[in-house]
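Single-structure report; data block below.
The values are calculated or read from the model by the stated rules, or taken from the named source; none is laboratory data. From a predicted model like this one, the values you see are computed outputs, not experimental measurements. Cβ coordinates were reconstructed from backbone atoms using ideal geometry, including for glycine residues, and neighbour counts include every protein chain displayed.
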Amino acid sequence: MIDYYHISINDMTQTLQISPEIAKLQTEVTTLEKELGKVILEQDEMINAIKPNLEAEYQKTIGYKELECLENEIASRRIKRQIELLQAAINRQEEIDPEKVEQQLDDEFQEWYEKVEKQYNKMKEAQDRIEGLMSDEDSAEFKKLYRKLVFKLHPDLNPDQSEDEVNLWHRIQLAYQSGDLDKLRSLMIILESQDKAAQLLSSKETLEKRKKGLTEQIQKIIGRLADMEKEFPFTIAKNLSDKKWIESKLEEIGERISHFEDKCREYNELLKVLLVSKETGVN
């Protein structure tokens with residue numbers, strides 16, 4: 001059986017010494033905890049800061065043009081559908097009820113209108129976020145505070161949390177996600193007032209279990225970060241600072257807008273002809 005602790009007696013005083021094996025494990029665990037804290041911060045920043053900032057920049061640069069394109073597409077589709085409904089009524093020799101036709105069109109295009117509303121909301125959120133961005137000084141303080149709070153309270157780094165600590169961590173997450181610096185400052189004061197000294201793990205079995213869990217969690221988050229980098233808006237992060245890419249994208253959307261505008265004019269002419277033919281009794 002391995003002796004984890006060596007007791008030496010010097011001048012009748014017992015001194016407890018940690019064995020080299022335990023000391024090595026403790027060092028490895030501490031290093032892994034720091035590494036986990038680092039990737040947790042990177043993950044949280046990607047989700048709660050970099051991603052929404054990129055999305056806001058995209059909406060400001062490209063999104064407004066996509067919204068215009070969507071509105072023109074809906075307009076052209078609606079007129080085309082209106083022609084189909086009127087032509088069907090004429091073919092059945094039915095009396096056309098304009099209000100009934102409009103109601104049916106409203107019902108059929110509800111999902112499209114919801115898309116427009118969703119895009120409008122994205123534009124509004126983007127504008128609010130850009131206007132509410134912190135100064136460099138406040139941003140640095142915000143990140144520093146959150147880093148300290150992560151190491152003190154994140155569940156992966158502090159698995160044996162009390163109910164109060166769990167609740168406090170939840171409040172920290174809400175403050176971080178909303179970018180509330182003042183709230184984060186207040187929560188740090190609360191935490192410091194009830195902070196207690198951490199107890200070093202000393203059991204070999206506990207340390208090895210902790211080491212294994214930390215390693216797995218680090219790899220899991222690293223994998224998650226790699227997956228996120230393959231998704232929008234991270235895939236266009238560099239493009240948003242490329243003027244040629246932006247111009248090309250806007251030109252492409254502009255061509256689609258022109259296409260739908262042409263379709264609207266074409267369908268409106270057909271609609272006029274159809275209504276005239278109905279009034280004159282010509283099918």
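Worth pointing out:
- Qualifying residue in the range 123-137 (condition: surrounded by 13 or more Cβ atoms within 10 Å (Cβ to Cβ), part of a helix (DSSP H, G or I) and either touching a Ser or Thr at 6+ places or on another chain (Cβ under 8 Å) or free of Cβ contacts under 8 Å to residues at least 60 places away in the same chain (or both)): no
- When residues of the range 142-185 are limited to those that are acidic (Asp, Glu) and over 24 Å from residue 35 (Cβ atoms), the one surrounded by the fewest Cβ atoms within 10 Å (Cβ to Cβ): 163
- Residue 18 vs. criteria modelled with pLDDT under 90, of a type in the set (A, V, I, L, M, F, W, C), more than 23 Å from residue 178 (Cβ to Cβ) and exposed (fewer than 13 other Cβ atoms within 10 Å of the Cβ): no
- The set of residues in the range 237-265 being closer than 20 Å to residue 69 by Cα and either touching a Leu at 6+ places or on another chain (Cβ under 8 Å) or not charged (D, E, K, R) (or both) consists of 240, 245, 246, 248, 250, 253, 254, 257, 258, 259, 260, 264.
- Condition met for residue 146 (under 23 Å from residue 76 (Cβ atoms), in a helix (DSSP H, G or I) and in contact (Cβ under 8 Å) with a residue 24 or more places away in the chain): no
- Considering residues of the range 90-115 that are in a helix (DSSP H, G or I) and aliphatic (A, V, I, L, M) only, the residue farthest from residue 78 (Cα to Cα): 90
- Residue 47 meets the conditions (1) closer than 20 Å to residue 178 by Cβ; (2) of a type outside the set (Asp, Glu); (3) buried (at least 16 other Cβ atoms within 10 Å of the Cβ) in every case but one. The failed one is (3).
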